[in-house]
Amino acid sequence: MPDLDRYTTVNTDDYWVAIPTSGYNGAVSSVQFSTPAGQDCSVVINIRGMWDTATCTGPIPGVDQNTATASYMEAGKFTDSASATGQAKSKLLPAGSKVVFTRSGWTGTCAVDKAMTACVLSFDSGRPDNSTPRTPHGFVLGPENSSTF
């Protein structure tokens with residue numbers, strides 16, 4: 001698992017995007033950003049459905065697929081997805097920075113350098129009886145190779 005402590009935290013609100021849902025406004029929201037390495041990424045947290053996911057699509061060094069995904073429930077993986085042709089790029093997350101998105105115990109942290117993107121997803125109930133916290137999951141993309149955990 002990558003150490004993201006050395007990265008400078010940006011204002012999460014600058015990257016926050018509400019996701020409309022039928023009847024449960026505010027239950028699903030995300031942060032979305034583009035990276036210096038050319039990926040488009042998001043961290044989505046659904047507090048009503050009790051899940052989260054991080055996704056980056058674009059060039060992924062060392063693998064043939066174009067998408068990396070992970071959740072606190074499932075280790076990261078690489079897949080192919082249809083290109084988001086014609087979609088506007090999200091706001092650039094500057095090299096040397098990270099965005100930390102937390103809602104109701106779920107936390108997604110993504111950090112970037114010029115040629116590397118890393119995302120880590122975790123969950124902490126905040127309750128003293130949380131004796132079996134889940135292992136964080138995520139991915140590291142670049143600079144030469146990419147990996148999941």
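Among the listed residues D52, D64, which satisfies the condition of being crowded, with 21+ Cβ neighbours inside 10 Å, out of contact with any Cys (no Cβ under 8 Å at 6 or more places or on another chain) and more than 14 Å from D40 (Cα to Cα)?
Just one listed residue meets the conditions, D52.
Do the conditions hold for V43, that is, is it touching a helix residue (DSSP H, G or I) at 6+ places or on another chain (Cβ under 7 Å), under 19 Å from F123 (Cα atoms) and not basic (K, R)?
It is false that V43 is touching a helix residue (DSSP H, G or I) at 6+ places or on another chain (Cβ under 7 Å), under 19 Å from F123 (Cα atoms) and not basic (K, R).
What are the residues in region 134-146 that are under 15 Å from L121 (Cβ atoms) and not in a loop (DSSP other than H, G, I, E, B), if any?
H137, G138, F139, V140, L141
Please give the number of the condition I19 fails out of (1) over 15 Å from the mean Cα position of the chain (by Cα); (2) loosely packed, with under 13 Cβ neighbours inside 10 Å; (3) more than 19 Å from L93 (Cα to Cα).
Single failed check for I19: (2).
Only one of (1) under 24 Å from N46 (Cβ atoms); (2) out of contact with any Phe, Trp or Tyr (no Cβ under 6 Å at 6 or more places or on another chain); (3) modelled with pLDDT of 95 or more is not met by A70, so which one is it?
(2)
Just one of P61, P20 is part of a loop (DSSP other than H, G, I, E, B) and in contact with an Asp or Glu (Cβ under 9 Å, 6 or more places away or on another chain); which is it?
From the options P61, P20, the qualifying one is P61.
The values are calculated or read from the model by the stated rules, or taken from the named source; none is laboratory data. Source: prediction; values computed, not measured. Cβ sites come from the backbone with ideal geometry, for glycine too, and all protein chains shown count toward neighbours.
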